Amino acid sequence: MNGLDVQRILVPTDFSQPSTEALELAIEFARRFGAELRLFHSREMPAYVFPDAVMPASPVMFQELERTARVELARLEDQVRAQGVVVSSEAAMGMHDQEICRHAKDWGADLIIMGTHGRTGLRHVLLGSVAERVVRRAPCPVLTVRPHDSEHPHPHA
């Protein structure tokens with residue numbers, strides 16, 4: 001990215017409120033820079049964990065998760081297009097942070113704008129932060145958006 005030449009903005013989404021807030025900001029950026037947006041959803045292979053084993057979810061459950069993701073991505077694409085922004089979407093299966101970084105590199109993203117759940121303390125230690133891992137590994141700058149109702153509210157620019 002040379003200076004402020006932002007042409008491609010990757011917006012990872014898990015369809016949560018923080019992702020929605022990140023998308024709203026990404027739309028503003030896309031308008032200002034004349035950039036296109038790529039919505040990106042990654043999912044990990046669902047599994048049931050038992051004390052002595054891990055069992056993958058059924059193919060029917062997996063197909064339903066895929067269908068639901070496609071429907072949600074299409075809904076978000078329609079919302080973005082209605083605001084006059086060029087948008088596409090992609091979905092992948094794998095570790096969230098790895099897939100986001102891989103897709104950003106493969107697509108040639110100039111910027112990633114993503115939500116963070118704003119977890120702190122023990123919740124952060126136990127659940128980790130996809131956004132934090134993306135910031136460390138991404139091939140381009142990453143702008144994280146904390147939810148408005150996070151534990152430590154802050155003014156938005």
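The values are calculated or read from the model by the stated rules, or taken from the named source; none is laboratory data. This one's a predicted model, so the numbers in the text were calculated from it and none came from an experiment.
Can you pull out every residue in the stretch 31-68 that is at pLDDT 90 or above and small (Gly, Ala, Ser)?
Of everything in the stretch 31-68, those that are at pLDDT 90 or above and small (Gly, Ala, Ser) turn out to be Gly34, Ala35, Ser42.
Going by the conditions given, is Thr20 β-branched (Val, Ile, Thr), at pLDDT 85 or above, more than 18 Å from Met114 (Cα to Cα) and in a helix (DSSP H, G or I)?
Numbers: β-branched (Val, Ile, Thr): yes; at pLDDT 85 or above: yes; more than 18 Å from Met114 (Cα to Cα): no; in a helix (DSSP H, G or I): yes.
No, not satisfied.
Would it be correct to say that Glu28 is of a type in the set (Asp, Glu) and at pLDDT below 95?
On the way: of a type in the set (Asp, Glu): yes; at pLDDT below 95: no.
Here the answer is no, as Glu28 does not meet what is asked.
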